[in-house]
Amino acid sequence: MPARINPSILAADFARMAEELARIANADLVHVDVMDNHFVPNLTFGPQMVERIAATSPVPLDVHLMIDDPARWAPGYAALGAFSVTFHVEAAENAGNDVVGVARSLRAAGSRAGLAIKPGTPIEPYLDLLPEFDQILVMTVEPGFGGQSFMAEVMPKVTTVRDALAGTELDVWIQVDGGVTRDTIAVAAEAGADTFVAGSAVFRAPDPAIEIDALREIARSHSH
């Protein structure tokens with residue numbers, strides 16, 4: 001199985017963003033956390049910043065929307081040129097959004113469509129929707145802040161998605177986000193994840209590029 005490493009720029013030095021992006025040129029994608037201070041208690045990037053990151057980044061953007069009302073806002077991020085846009089099912093349902101409708105609007109705008117699940121949200125009600133998505137993001141921390149500890153107790157959800165995809169022709173990536181390090185990436189890969197968001201582990205390493213290669217190799221060696 002492939003092992004994609006998507007460093008989260010939430011852990012980067014925002015004052016040196018162009019330099020920080022250049023340091024992760026060997027990543028698969030760059031993970032951009034968009035937070036609105038409503039769905040989660042933190043505020044990060046808006047459309048203008050994402051557009052600048054897209055113009056500067058050496059690798060495509062993996063945008064993770066932790067915002068209310070994704071039906072209203074998500075297609076705009078796809079239109080900025082993001083390779084992938086992931087929204088939270090909890091935010092969509094809280095706003096009365098049609099989850100499938102949001103996914104289709106993302107694909108229509110030219111990006112892959114991702115569905116994110118918080119640690120306390122069961123995955124089973126959404127397994128029938130897998131054909132509508134290109135990525136399922138199982139959060140391994142509570143969304144909102146970087147630097148949290150990996151929640152191994154959500155690994156059964158990762159395995160449930162992997163098992164649901166087994167034997168199908170669907171190209172759905174299984175992503176984990178939160179607390180990913182050299183130790184925890186092995187656990188996530190064994191559970192069935194193939195796409196890994198790592199923030200602090202990459203940007204606080206002496207050489208982020210070397211750390212990306214190391215994480216990718218560990219994940220590959222533990223994947224099925």
Which pairs have Cβ atoms under 9 Å, sit 6 or more apart or on different chains, and link a residue in segment 70-93 that is within 13 Å of A116 (Cα to Cα) to one that is acidic (D, E) and surrounded by fewer than 24 Cβ atoms within 10 Å (Cβ to Cβ)?
S84/D134; A91/D68; A91/D69; A92/D69; A92/D98
Condition first: surrounded by fewer than 19 Cβ atoms within 10 Å (Cβ to Cβ) and assigned to a helix (DSSP H, G or I). Now tell me which residues in segment 133-159 satisfy that.
A152, E153, P156, T159
Identify, by number, the condition in (1) surrounded by fewer than 22 Cβ atoms within 10 Å (Cβ to Cβ); (2) of a type outside the set (S, T, Y); (3) without any contact (Cβ under 8 Å) to a residue 24 or more places away in the chain; (4) on the phi < 0 side of the Ramachandran plot that G167 doesn't meet.
(4)
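May I ask you to say which residue of F45, F39 is touching a His at 6+ places or on another chain (Cβ under 8 Å) and assigned to a loop (DSSP other than H, G, I, E, B)? Before the answer, list the steps.
On the way: F45 fails: touching a His at 6+ places or on another chain (Cβ under 8 Å).
When all the criteria are applied, what remains is F39.
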Condition first: over 26 Å from A219 (Cβ atoms), part of a helix (DSSP H, G or I), modelled with pLDDT of 95 or more and among the aromatic types (F, W, Y). Can you find one or more residues in segment 70-83 that meet it?
yes
In segment 87-119, how many residues are within 21 Å of T160 (Cα to Cα) and over 17 Å from the mean Cα position of the chain (by Cα)?
2
Please go through (1) out of contact with any Asp or Glu (no Cβ under 7 Å at 6 or more places or on another chain); (2) free of Cβ contacts under 8 Å to residues at least 60 places away in the same chain; (3) more than 14 Å from P2 (Cβ to Cβ) for A205 and return the number of the only condition it doesn't satisfy.
(1)
Can you find, within segment 185-210, the residue that is farthest from the chain's Cα centre (by Cα) among those that are buried (at least 22 other Cβ atoms within 10 Å of the Cβ) and assigned to a helix (DSSP H, G or I)?
P208
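The values are calculated or read from the model by the stated rules, or taken from the named source; none is laboratory data. Being a predicted model, the structure only gives us computed values, none of them experimental. As a convention, Cβ positions derive from the backbone with ideal geometry for all residues, glycine included, and neighbour counts pool all protein chains shown.
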